[in-house]
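The values are calculated or read from the model by the stated rules, or taken from the named source; none is laboratory data. Not measured: the values here are computed from a predicted model. Don't worry about glycine lacking a Cβ; one is built from the backbone with ideal geometry, like all the others, and counts go over all protein chains shown.
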Amino acid sequence: GAQATEIDTVVIGSGPGGYVAAIRAAELGQKVTIIESTFIGGVCLNIGCIPSKALINVGHHYQDAITDQPFGLKASNVRLDWAAAQTWKQKKVVDQLTGGVEMLLKKHKVDIVHGVASFNDNEQINVVEGDNHQLFQFKNCIIATGSRPVQIPAFEFSGRIVDSTGALSLPEIPKHLVVIGGGVIGFELGSAYLNLGSKVTVIEGLDHVLTGFDAEMIKPVLNDFKAKGGEIFTSAKAKSVLQTDEDVAVTFESDGKEQTVTGDYLLVSVGRRPNTDDIGLNNTNVKLNDHGLIEVDDTMRSNVPHIYAIGDITPGPALAHKASFQGKIAAAAISGDAKAHDLHYSLPAVAYTNYELATTGETPDSIKDKHLDAKAYKFPFAANGRALSINEAVGFIRLISDNKTKALIGAQIVGPGASDLISELSLAIENGLTTEDISLTIHPHPTLGEAIMDTAELADGLAIHI
Ligand code: FAD
């Protein structure tokens, strides 16, 4: 048979898990080879986080432009060139970033191999690209193959029935977008098109949308969604779809009766499945759990000591920053300077809905479940000067601190800037800071971040602005 090339560390997949692991391992002295079957940058940069945020941004600008503003601004003849928006998203955002990642890999002397990798055994992978195949014998491996959308039988992706990838590149702005699945991905894309002028109907099987965020946080999001004409059916079971050249008619059961909603596009976003089923893991001793995920220890090691797994193929939330962080841990472990790390303690999660939702660490529900002696304190953006001056005085900041030590153990934000503001609170949690540490830190005025200081003062019993 063919001769196998001997390599040191191989990373399979170049998403936010894989490319970060590869660069860090190279920085720590490893000779690294990265294998990518599709696009450098993975789901996140090409068809996930980044292009979705780009379209969400276009939606915000469009919505602002078509809405008469309370400060007297009225625009007329507003027109959105959708083709231009798509080109901008691809050329100025996605391609810039993926090109940058490829450059960084090269700068760190990481060998990039294009092709589909699969394991022959615990030490060897086969990489196929077209008619070519190459064998690699490795010392260490980091699997970072990510995930793909779940397809459900009656709703196969074709034509006007799309997954999140299709929804990011629709040929036109839908007149009426039907979304099956009101999780973060479905709701973010639904909100983007709602802002872009589509009618949007969300059909969700659970009794609530946006799992992972509590009812109090979601309320302003739902209010905004409904105010713009968005429709949400919860505890609703999608049964079938009839597609014609012009439209899609989705039949679902809700409140015990069958209903049909007809739109021109259907987005099916009912979850993602790990890419662990087709990479030859059956030829190795790597164990998968019941969800097809690879269980890892706190240095991202699988049950086979020289094979590591990171990102969406490991248990826990499917988030890009989780993948990257795990990539750094695995790279450090392989290079012999592993630091055990409680990754999930303050892993932040964000939904880029209107308004943004962000959470880190404990929540009001989790402190109840764990019987923690802790309390939540809440401060509204309505009392924040900056929020008022940008006409976004909606939502609140919530800090959760330990009653005895006053250490911050959790935080949630709904409202303007939530996605950026949450990092200060993760930093505080990771470093055991107290609410007093936060309130004694000078926050510049006027900023949204001042509301964090105000919430901390409230927790200290020394509130000024409420
Ligand atoms: P991936 O990014 O999935 O990358 C895996 C890579 O491995 C892919 O490039 C794939 O081609 C390659 N690969 C797979 N199998 C093989 C093989 N056999 N051989 C070679 N290469 C292979 N997360 C956030 O944190 N914030 C967000 O705002 C956010 N928004 C999202 C929006 C959308 C629409 C979607 C779909 C996802 C979003 N996510 C977001 C989730 C985020 O994209 C994932 O958590 C993240 O990409 C996971 O990174 P990863 O490195 O594990 O895998």
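To keep it simple, each residue is scored yes or no on (1) surrounded by fewer than 16 Cβ atoms within 10 Å (Cβ to Cβ); (2) hydroxyl-bearing (Ser, Thr, Tyr); (3) more than 27 Å from the chain's Cα centre (by Cα).
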{"position": "Ile7", "(1), (2), (3)": "no, no, yes"}
{"position": "Ile47", "(1), (2), (3)": "no, no, no"}
{"position": "Ile50", "(1), (2), (3)": "no, no, no"}
{"position": "Lys74", "(1), (2), (3)": "yes, no, yes"}
{"position": "Ala85", "(1), (2), (3)": "no, no, no"}
When restricted to Gly417, Gly461, the only residue of a type in the set (Gly, Ala, Ser) and more than 26 Å from Asp64 (Cβ to Cβ) is Gly461
All conditions in (1) in contact (Cβ under 8 Å) with a residue 60 or more places away in the chain; (2) more than 25 Å from Ile66 (Cα to Cα) are true of Asp255 except (1)
Restricting the range 206-221 to residues that are buried (at least 17 other Cβ atoms within 10 Å of the Cβ) and not β-branched (Val, Ile, Thr), the one nearest to Pro171 (Cα to Cα) turns out to be Leu210
Of the listed residues (Ser302, Ser346), the one being among the polar types (S, T, N, Q), within 15 Å of the ligand (Cβ to nearest atom) and either touching a Pro at 6+ places or on another chain (Cβ under 7 Å) or at pLDDT 95 or above (or both) is Ser302
Inside the range 127-153, the number of residues satisfying the requirement of being within 13 Å of the ligand (Cβ to nearest atom) and closer than 27 Å to Ala320 by Cα is 13
### Query
Does the range 167-181 contain any residue that is touching a Gly at 6+ places or on another chain (Cβ under 8 Å), within 29 Å of Tyr308 (Cβ to Cβ) and among the β-branched types (Val, Ile, Thr)?
no
Flagged in the range 311-328 as in a loop (DSSP other than H, G, I, E, B) and under 14 Å from the mean Cα position of the chain (by Cα), in numbering order, are Gly316, Pro317, Ala318, Leu319
Picking from Gly336, Gly280, the residue that is under 23 Å from Asp8 (Cα atoms), over 20 Å from the mean Cα position of the chain (by Cα) and within 13 Å of the ligand (Cβ to nearest atom) would be Gly280
**Study point:** Residue match in the range 176-184 (condition: buried (at least 22 other Cβ atoms within 10 Å of the Cβ), within 16 Å of the ligand (Cβ to nearest atom) and in a helix (DSSP H, G or I))
**Key:** yes
(request) Might you let me know whether the range 305-328 holds any residue that is buried (at least 22 other Cβ atoms within 10 Å of the Cβ), without any contact (Cβ under 8 Å) to a residue 40 or more places away in the chain and either closer than 27 Å to Glu123 by Cα or away from the ligand (no atom under 15 Å from the Cβ) (or both)? (result) yes
With respect to Glu156, is the statement that it is free of Cβ contacts under 8 Å to residues at least 24 places away in the same chain and either within 14 Å of the ligand (Cβ to nearest atom) or under 30 Å from Gly271 (Cβ atoms) (or both) true? yes
Taking the range 383-424 and keeping residues of a type in the set (A, V, I, L, M, F, W, C), over 19 Å from Thr353 (Cα atoms) and in contact (Cβ under 8 Å) with a residue 40 or more places away in the chain leaves Ala383, Leu399, Leu408, Ile409
If we ask which residues in the range 149-161 are β-branched (Val, Ile, Thr) and under 16 Å from Leu242 (Cβ atoms), their number turns out to be 2
